[in-house]
1. Give me the distance between the Cα centres of region 1-75 and region 331-359, rounded to whole Å.
2. Using θ = phi - 60° and the Karplus curve 6.51 cos²θ - 1.76 cosθ + 1.60, what whole-Hz ³J(HN,Hα) does each residue of region 312-325 get, with Gly and Pro shown as x?
3. For region 37-106, what does the relative contact order come out to in percent, with C-alpha contacts under 8 Å and a separation of six or more?
4. Can you give me the angle between helix 35-45 and the longest principal axis of the chain, using Cα atoms only, in degrees from 0 to 90, rounded to the nearest 10?
5. Using DSSP to call loops (not H, G, I, E or B), can you name the trypsin sites (Lys or Arg not before Pro) in region 147-229 whose Cβ has at most 11 other Cβ atoms within 10 angstrom?
6. Quick one: Cα convex hull volume of region 9-253, Å³ per residue?
7. In Å², and per residue, what accessible area does region 167-235 have when probed at 1.4 Å with the other protein chains present?
8. Just flag the trypsin sites (Lys or Arg not before Pro) in region 15-104 sitting in loop per DSSP whose Cβ has no more than 12 other Cβ atoms within 10 Å.
Amino acid sequence: MGEQKEEFVVTPYEVRGRIDYERLRIQFGTQELTSELLARIRSIAGSELPPGLARGIYYSHRDLGQLLDLYEKGTPFFLYSGRGPSGPLHVSHLVSFELCRWIQEKFRVPMYIQITDDEKFWARGLSREETVRWGLENLYDILSVGFDPERTHVFFDSRSIAALYPLAIRIAQKIPYSTVKAVFGFPPSTNIGLVFYTALQTAPSFYPSWAEGRSIPCLIPCGIDQDPHFRVTRDIAEGLGYPKPALLHSRMVPGLLGEGAMSTTGHRDDNVLFLNDPIPVVRRKIRHAFTGGRSTVEEQRREGATPEICSIWALWRTRFAETDEEFRTLTENCRSGALLCGDCKSALLPKIEAFYERQRAARESVRDWAESRIITTPPRPL
Ligand code: TRP
């Protein structure tokens, strides 16, 4: 034990092990999201930062400074993010969309959401019925964080293909097979759907520029596991006459059982807090969740606990601590041993329950306009 570095794997198709985020950032060659940059965002927005930015969930970027320079000189950008439906959303998924909503409101910019109902059919063998059904359900949850309907657009891959395809044709022509093989580590058995898929995930990054026939910068908030796709996007952007998208990367929310990310598939169900879990199930999952606590109360009072490895602390961080001050105090009390894990879990539960109730009501209210935001026709035939 001790000195040896633990192994971890982070790709768009696999997240495993205990992730060393700083090492990952350096390995991927992305920039650190510094306090100077955060201060700049705060001053342009004229508002306190949302939890995703204020509490270090987003920690890395590409070209964010340049994007802000352009914005301040009068060139607005658009936001792009997405979801590969494989099941119900879980609580942490909404963090990135809540950040997008905040940026949309403060910077008054359009948002493009891609629902990839092809991706997990190819990558994980889900049925088409499942990916389509979850795609729609996920879309309702995503829209319910409060996006402005007028400024929000959706690509639902199988239904938006006519709009995306003219771009995907050009994108695919620029990506050699060897790149895809190296970037994603595909074995020879990989189906050719996935080989092509990265072209579809790239297409929305250029869509507004293509549609309007002028260069419109793009900002993509995403989990850092998605960076490999957008490295490819950035490499080919200029060759196609489009600006390279800027990126904002988040950490993955740790699973409730304490390993890897809180991924929707491939784990025991108890590792994940689904947005459609009934409250008694939420209670059970929280009760069983892995924490950063010690094995005895005495030891914890004496030595304190370790928030950084705790799945419950990660939940407080996303939104359940209502202010940054509350989050700081909670973290200090955890570290000092003043706060015990059982009490911390008990305090969290009512907050999660209230959030679930709000979320359920909100998702009902977007159903009637969600469909109308799906783009189905291309802006031009070529
Ligand atoms: N590949 C993503 C997933 O597995 C879905 C996705 C599509 C996405 N486009 C995106 C994620 C843009 C972030 C940004 O969930």
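1. Value for the Cα centre distance between the two parts: 26 Å.
2. Here the 3J(HN,Hα) series is 6, 4, 4, 6, 3, 4, 4, 6, 6, 6, 6, 10, 5, 4 Hz.
3. On the way: 23 pairs, mean separation 26.2, N = 70.
For region 37-106, the relative contact order is 37 percent.
4. 70
5. On the way: sites: ARG151, ARG159, ARG170, LYS174, LYS181, ARG214; in loops: ARG214.
Filter output for region 147-229: ARG214.
6. Working: hull volume 30.7 nm³, N = 245.
For region 9-253, the hull spanned by Cα atoms encloses 125 Å³ per residue.
7. Details: 2620 Å² over 69 residues.
For region 167-235, the per-residue accessible area is 38 Å².
8. Details: sites: ARG16, ARG18, ARG23, ARG25, ARG40, ARG42, ARG55, ARG62, LYS73, ARG83, ARG101; in loops: ARG18, ARG55, LYS73.
Filter output for region 15-104: LYS73.
The values are calculated or read from the model by the stated rules, or taken from the named source; none is laboratory data. This structure is a prediction, so every number in the text was calculated from the model and none was measured. Note that each Cβ is placed from the backbone with ideal geometry, even for glycine, and that neighbours are counted across all protein chains shown. For accessibility, only protein heavy atoms count, side chains too; no ligands or nucleic acids. Shrake-Rupley method; radii C 1.70, N 1.55, O 1.52, S 1.80 Å.
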